[in-house]
Each structure stands twice: as C-alpha cells, then as structure tokens.
Amino acid sequence: MKSIMVLNGPNLNLLGKREPGIYGAHTLADVEGLCREACARRGFALDFRQSNHEGVLLDALHEAGAAQAAGTLAGVVLNAGAYTHTSVALHDAIKGASVRVIELHISNVHAREPFRHHSFIAPAAIGVIAGLGVRGYALAIEHLALACPQDA
C-alpha cells in the first residue's frame, strides 16, 4: 500500500492554542485524524509528522524522495510554517530528492504580513493550497491520490 506523507513544520504543534482567529480551533491531532480519513478514502496509508527543527524536516523530505522513487509514496503535503518564507534548504531538499510536494498553509498567507507573501517552497512544489483552513490538507491528499494512484 502506498502512503502519503503529511509533514508539518514549526509551531504547528500549537494548533488550537496559537492565534485561533487565524488558524482555527482544530488541534494537530484533529488534523491528523482528518488526514487519516482522507487517505483511507483513497486506499493510502498516512505518514504524519511534525517537527520544529529544520534538519528533521530535511531528513523527512530526503526519506520521502527515496520512498517515492521506490514506488511506496505518492507524495508529500508540506506545511512548512514560517520556514516557507526563510528556508532555501527545504527548497533544495525537495528538488534534490525529486519528491512530489504540495505546499499547504492553513491561513491565507497573501492576506497577512508582507514577509509571508514570498515562498521558497512554491517554485519546487507541484501546487500550493492556502487559506482554506485545515480542509486544505484533505484537498492536497485528494490531489496526490489522483495524481499517483495505487496501481501506478
């Protein structure tokens, strides 16, 4: 069975507590449940992770690239949090590992502070979802499932 990796970056462990007016009341555990259901509907396993450390995220992307090349991973849903706007290393890891990534943001980053308007990840991603709340995770999973079906 193929899997889909959902990779969450810094401060996403604070979902439900951190600025609920922006990020909503759902916790990271709620997001994991939503992702597990979305994967199950399409017959995929879920690999759900969160780290506040850039190097751990890099290692996960390298691992994902190897799994995708082996045919066991459909791709990655990446909510890199603030690293989106600062990390050339994440961009390089996506490109270097040749991993299929959908960049995801719970809030509409383009309606927020100007420093959030630039993404180092978007040029390396196959798509970007922003501003749809936690429902964006299910949409990203749906796209990966359709783009890389189990029998492919």
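The values are calculated or read from the model by the stated rules, or taken from the named source; none is laboratory data. Everything numeric here is computed off the predicted structure, so don't read it as measured data. Reconstructed Cβ throughout: ideal geometry from the backbone, glycine too, with neighbour counts over all protein chains shown.
Condition check ((1) closer than 19 Å to H53 by Cβ; (2) under 14 Å from the mean Cα position of the chain (by Cα)) across all residues:
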position: A69; (1), (2): no, no
position: L73; (1), (2): no, yes
position: L78; (1), (2): yes, yes
position: A89; (1), (2): yes, no
position: I94; (1), (2): yes, yes
position: I102; (1), (2): no, yes
position: S107; (1), (2): no, yes
position: A124; (1), (2): no, yes
position: I129; (1), (2): no, yes
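Once segment 93-122 is narrowed to residues that are at pLDDT 95 or above and in contact with an Asp or Glu (Cβ under 7 Å, 6 or more places away or on another chain), the residue that is surrounded by the fewest Cβ atoms within 10 Å (Cβ to Cβ) is A122.
Report yes if some residue within segment 69-89 is at positive phi, at pLDDT 95 or above and not polar (S, T, N, Q); otherwise report no. Yes. Every condition in (1) outside any helix (DSSP H, G or I); (2) free of Cβ contacts under 8 Å to residues at least 40 places away in the same chain; (3) under 16 Å from Q150 (Cα atoms) holds for K17 except the one numbered (3).
Applying a threshold of 7 Å to beta carbon distances and a minimum spacing of six or more residues, or different chains, the list of pairs starting in segment 76-102 at a residue that is under 24 Å from V134 (Cβ atoms) and ending at one that is hydroxyl-bearing (S, T, Y) and crowded, with 16+ Cβ neighbours inside 10 Å reads V77/Y137; A80/S87; T84/S119; H85/S119; L90/Y83. For segment 73-92, the candidate set comprises residues that are buried (at least 24 other Cβ atoms within 10 Å of the Cβ) and among the hydrophobic types (A, V, I, L, M, F, W, C); within that set, the residue that is nearest to G9 (Cα to Cα) is A80.
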